[in-house]
Amino acid sequence: RRLTSRPLPAVKETWPFLFRLCSGEGNMAEVESPLLPDSAVNVTLNDTEAASAGTARFVATPEGSAVAYGSLVVMALLPIFFGALRSVTCAKSKNSCDMPETITSRDAARFPIIASCTLFGLYLFFKIFSQEYINLLLSLYFFVLGILALSHTLSPAMNKIIPANLPNKQYQLLFTQGTGETKEEIVNYEFDTKDLVCLVFSSVVGVWYLLKKHWIANNLFGLAFALNGVELLHLNNVSTGCILLGGLFVYDVFWVFGTNVMVTVAKSFEAPIKLVFPQDILEKGLAANNFAMLGLGDIVIPGIFIALLLRFDVSLKKNSRTYFYTSFLAYIFGLGLTIYVMHTFKHAQPALLYLVPACIGFPVVVALVKGELTEMFRYEEKAALSDKEPLDEATDDLKENKKEQ
């Protein structure tokens with residue numbers, strides 16, 4: 001598809017593919033080996049496998065584990081919270097280039113099958129072709145996509161940091177095909193000086209990641225991908241969200257516990273589609289290399305459902321965000337339960353096994369208590385988007401909250 005307007009469309013239009021990869025690599029685990037060539041996105045050797053391989057397993061201190069998992073939880077919450085808020089603004093955009101990608105019930109029902117095919121296809125690729133060349137292509141792809149995603153993430157902050165009295169020139173990068181009446185735009189890329197600053201900074205991070213594969217650069221790209229996913233991927237109603245989360249719940253459990261496909265792909269796949277934090281950072285500082293990690297699928301998939309509930313709150317015009325905060329707290333509970341079970345059984349866990357029941361169950365219970373369950377499941381995104389007042393109201397609420405803070 002054509003690239004038009006700002007960096008946003010390029011990020012938005014590649015999300016369906018990236019979303020499939022994220023959902024295929026979304027669990028919580030630990031990694032004993034140096035990042036990233038030997039690291040797993042979501043699954044790694046457990047104690048039994050490490051012992052049988054004759055390797056020494058790194059044992060994290062309680063303090064190191066607490067810092068690592070606490071940091072992962074905070075990093076997971078940031079893109080969900082701010083991505084959900086930005087999804088409200090995105091939903092009311094009149095610019096066709098800025099419109100979100102809407103997931104329908106049909107898309108949700110097919111998604112676990114498509115994700116399974118994508119995962120198994122990657123498994124076959126890694127079995128047939130050289131892992132080195134595949135990861136080189138993936139690194140280049142995520143290098144470009146990561147720059148665009150990080151630039152789009154930083155753009156609102158840059159607009160506030162750079163003084164308004166400074167010159168802000170407009171630029172356009174235009175590529176066309178053909179001449180006269182047959183001329184067609186291939187690339188129509190408009191940006192300004194502030195966007196250029198974001199692109200330069202993002203490019204520096206991209207080169208850093210490409211050359212060093214450093215965990216901080218990995219996390220910057222990962223956070224940008226997650227925030228853009230929550231902001232730009234919209235569920236059209238709550239029923240679609242339940243179908244999507246329910247299908248991926250089964251998908252996640254099957255591919256983690258039922259086969260070794262996800263393990264193989266995870267150990268071979270090199271891409272910033274996970275958040276990592278070293279468990280030995282207290283001993284080794286930034287050079288630490290024993291990581292705890294969380295796949296972006298465990299952030300984006302529940303995140304787009306939480307963002308939908310925020311937009312449902314907005315549509316109620318009650319000046320409250322009950323369902324948003326309920327689902328947000330449910331996510332914290334589910335992620336905490338994942339960490340607890342993983343450490344109890346010493347095995348990487350499919351986080352959606354715990355996140356899906358929590359993120360769906362808690363808001364449904366609240367809706368039952370408040371007598372709004374029917375209204376929740378009747379909520380349609382398109383109908384809500386035609387009414388601009390609730391969305392404007394949400395933006396005003398955010399501005400008022402910032403002033404109070």
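The values are calculated or read from the model by the stated rules, or taken from the named source; none is laboratory data. Quick caveat, the model's predicted, so the values are computed rather than measured. Positions of Cβ are generated from backbone atoms using ideal geometry, with glycine treated the same way; all protein chains shown enter the neighbour counts. Heads up: the accessible areas ignore ligands, DNA and RNA and are worked out on the full protein's heavy atoms, side chains in. Shrake-Rupley method; radii C 1.70, N 1.55, O 1.52, S 1.80 Å.
Going by a ≥ b ≥ c, the root eigenvalues of the Cα gyration tensor, does segment 178-299 fall in the rounded group (a/c under 1.5), the prolate group (a/b larger than b/c) or the oblate group? List each step's numbers first, then the result.
Values: a/c = 2.15, a/b = 1.20, b/c = 1.79.
Verdict is oblate for segment 178-299.
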Using alpha carbons only: equivalent-ellipsoid semi-axes of segment 196-246, gyration tensor based, whole Å: 32, 14, 6
For segment 75-215, what does the relative contact order come out to in percent, with C-alpha contacts under 8 Å and a separation of six or more? 21
Heads up, I need the accessible area for THR374: 1.4 angstrom probe, whole protein in place, Å², nearest 10. 80
Put a dot 7 Å past each Cα toward the Cβ at THR374 and LEU166; how far apart are the dots in nm? 5.6
The extension gain from THR102 to PHE201, computed as 0.36 nm times the residue separation minus the Cα-Cα distance, is 32.6 nm
Express in Å², to the nearest 10, the accessible area of TYR133 obtained by rolling a 1.4 Å probe over the protein heavy atoms while all chains stay in place. 150
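Classify segment 118-229 as rounded, prolate or oblate from the Cα gyration tensor: take a ≥ b ≥ c as the square roots of its eigenvalues, call it rounded if a/c is under 1.5, otherwise prolate when a/b beats b/c and oblate if not.
oblate
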Report the gain in length on full extension from HIS214 to PHE333: 0.36 nm times residue separation, minus Cα-Cα distance, nm rounded to one decimal. 39.9 nm
By its C-alpha gyration tensor, with a ≥ b ≥ c as the square roots of the eigenvalues, how is segment 147-187 shaped: rounded for a/c under 1.5, else prolate for a/b larger than b/c, else oblate? oblate
With an 8 Å cut-off on Cα pairs and a minimum separation of 6 or more residues, tell me the relative contact order of segment 290-352 in percent. 26
Would you grab the residues whose amide H sits under 5 Å from the one on ASN289? Only those 5+ places off in sequence or on another chain, please, with H modelled 1.01 Å from N. ASP280
Leaving ligands and nucleic acids out of the surface, order SER203, SER155, SER327 by accessible area at 1.4 Å, largest first. SER203, SER155, SER327
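For segment 151-189, which trypsin sites (Lys or Arg not before Pro) are in a loop by DSSP, counting at most 10 other Cβ atoms within 10 Å? Walk me through the numbers before you get to the answer.
Numbers: sites: LYS160, LYS169, LYS183; in loops: LYS169, LYS183.
Sites meeting the loop and neighbour criteria: LYS169, LYS183.
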Contour excess over end-to-end distance, with Cα ends at PHE120 and PHE345 and 0.36 nm allotted per residue: 78.3 nm
Positive-end residue, segment 154-289 charge dipole about Cα centroid, Cβ charges, pick of VAL200, GLY241, ILE281: ILE281
Accessible surface of TRP208 in the full protein assembly, 1.4 angstrom probe, to the nearest 10 Å²? 90
³J(HN,Hα), Karplus 6.51/-1.76/1.60, whole Hz, each residue of segment 336-349, x for Gly, Pro: x, 5, 4, 4, 4, 5, 4, 6, 6, 9, 6, 8, 4, 10
Order the peptides 294-303, 224-233 from the highest to the lowest mean number of other Cβ atoms within 10 Å of their residues. 294-303, 224-233
In order over segment 182-194: 3J(HN,Hα) from phi, Karplus 6.51/-1.76/1.60, θ = phi - 60°, whole Hz, x for each Gly or Pro, gives 8, 5, 9, 6, 9, 10, 10, 10, 9, 7, 10, 4, 5
Hz values of 3J(HN,Hα) by residue in segment 311-326 - Karplus curve (6.51, -1.76, 1.60), Gly and Pro given as x: 5, 5, 4, 4, 5, 6, 6, 10, 6, 9, 10, 4, 6, 5, 5, 5
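Say the cut-off is 27 Å between C-alpha atoms; which of LYS212/LYS274; LYS169/LYS274; LYS274/LYS318; LYS92/LYS317; LYS317/LYS370; LYS274/LYS346 go over it? Could the numbers behind the result be given before it?
Numbers: LYS212/LYS274 17 Å; LYS169/LYS274 36 Å; LYS274/LYS318 36 Å; LYS92/LYS317 16 Å; LYS317/LYS370 15 Å; LYS274/LYS346 20 Å.
Distance filter (> 27 Å) returns LYS169/LYS274; LYS274/LYS318.
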